[in-house]
Every structure is written in C-alpha cells, then in structure tokens.
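The values are calculated or read from the model by the stated rules, or taken from the named source; none is laboratory data. As the structure is a computational prediction, the values presented were derived from the model and not from experiment. With ideal geometry, Cβ positions are generated from the backbone for all residues, glycine too; neighbour counts draw on all protein chains shown.
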Amino acid sequence: MIEYMPNIFFIRIKENQVFEYPITLENMQQCFGNFDINNPPEGYVRYYKIDPPDKTDRFTYYGDIYPEYNGKEVWEKMIIRPYTDEERVLIKDEITDYFELIQEGDSSQWIYNEEEGMFFPPCDPPTDGVYKWDNSTGYWKRIGDWQDYF
C-alpha cells in the first residue's frame with residue numbers, strides 16, 4: 001500500500017537541467033514502487049514548492065514561478081518586487097478608464113483608493129436595505145430590501 005504524503009514532489013533532471021514538470025510522491029511510487037524519499041531513483045531529485053504569496057497588495061508585482069536546480073534538489077523561485085511609480089500610474093489609468101466606462105456618467109465624486117486599487121463612493125451606504133450610488137444626485141438611492149437579493 002502506498003502511503004499518501006501530500007506536498008512531496010520530485011522532478012526529472014536531464015543533462016543537468018530541470019526536465020518537464022514536478023511529480024507527486026504518489027505518482028513516483030506508482031512508477032518506481034516504494035523508495036526512500038531521501039534517495040530518489042536516478043535522474044530524479046526532490047522538488048520544493050513555494051507557497052503562493054498573499055496577493056493582497058495590488059501594487060506588488062508577482063513574477064512567474066520558475067525552478068532553480070542547485071545540483072542536488074530543485075527549489076521554486078519567484079520574482080516579487082514593488083511596482084515602479086510609472087507602473088502604478090499605468091495601473092491607475094487602466095482602472096480609471098474601466099471605471100468610467102462602466103459608470104456611464106460622472107464619476108468625479110468617487111474616490112480612488114491607492115492601496116486597494118479601487119474606486120469608492122464618498123460615503124458609506126445606509127444599512128437598512130440595498131442602495132446604489134446615484135451620481136446625478138450625489139446620494140445613495142434605495143433599490144430594495146436585503147431579502148430581495150439574498
């Protein structure tokens with residue numbers, strides 16, 4: 001019986017380069033039988049995956065994940081860096097263009113939140129129902145009750 005051990009991966013090395021894609025321990029055991037995970041079959045090495053980053057910061061660039069072979073094992077690497085000021089301006093411009101397109105009218109009352117990369121109305125809506133911001137009046141307009149929507 002094959003023991004299930006999640007998050008243990010291997011990868012094939014060919015001509016001292018990473019070849020193809022990571023393979024789960026379970027698949028390796030199906031192909032090669034039980035083996036010592038610290039001593040994989042020839043041509044294979046342990047592959048260490050990184051946890052995906054928490055992408056809550058809209059102004060951080062997350063590059064592609066790529067494998068790096070150090071001669072005995074492979075570690076995933078990822079380029080993570082802050083967006084440049086120029087990139088931030090481009091992002092804001094794209095968001096602004098899209099927002100104005102879907103807003104169908106004057107959006108000058110809305111406030112752009114730099115940290116979240118989103119537009120927000122100038123004040124919070126009332127809590128006694130469902131409201132939509134009305135650009136023409138500059139106030140929240142009631143459009144229904146909660147039970148109508150949930």
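Being at pLDDT 80 or above and surrounded by fewer than 13 Cβ atoms within 10 Å (Cβ to Cβ) is the filter here, so list the residues in the stretch 42-64 that pass it.
Passing the criteria: Glu42, Gly43, Ile50.
Please go through (1) under 30 Å from Phe10 (Cα atoms); (2) surrounded by 13 or more Cβ atoms within 10 Å (Cβ to Cβ); (3) among the aromatic types (Phe, Trp, Tyr) for Tyr112 and return the number of the only condition it doesn't satisfy.
With (1) under 30 Å from Phe10 (Cα atoms); (2) surrounded by 13 or more Cβ atoms within 10 Å (Cβ to Cβ); (3) among the aromatic types (Phe, Trp, Tyr) applied to Tyr112, the lone miss is (1).
Conditions tested, residue by residue: (1) under 30 Å from Trp133 (Cα atoms); (2) without any contact (Cβ under 8 Å) to a residue 60 or more places away in the chain.
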{"residue": "Pro22", "(1), (2)": "no, yes"}
{"residue": "Gly71", "(1), (2)": "no, yes"}
{"residue": "Val74", "(1), (2)": "no, no"}
{"residue": "Ile79", "(1), (2)": "no, yes"}
{"residue": "Ser108", "(1), (2)": "yes, yes"}
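For the stretch 107-134, give me each residue that is among the small types (Gly, Ala, Ser) and modelled with pLDDT under 85.
Those that are among the small types (Gly, Ala, Ser) and modelled with pLDDT under 85: Ser107, Ser108, Gly117.
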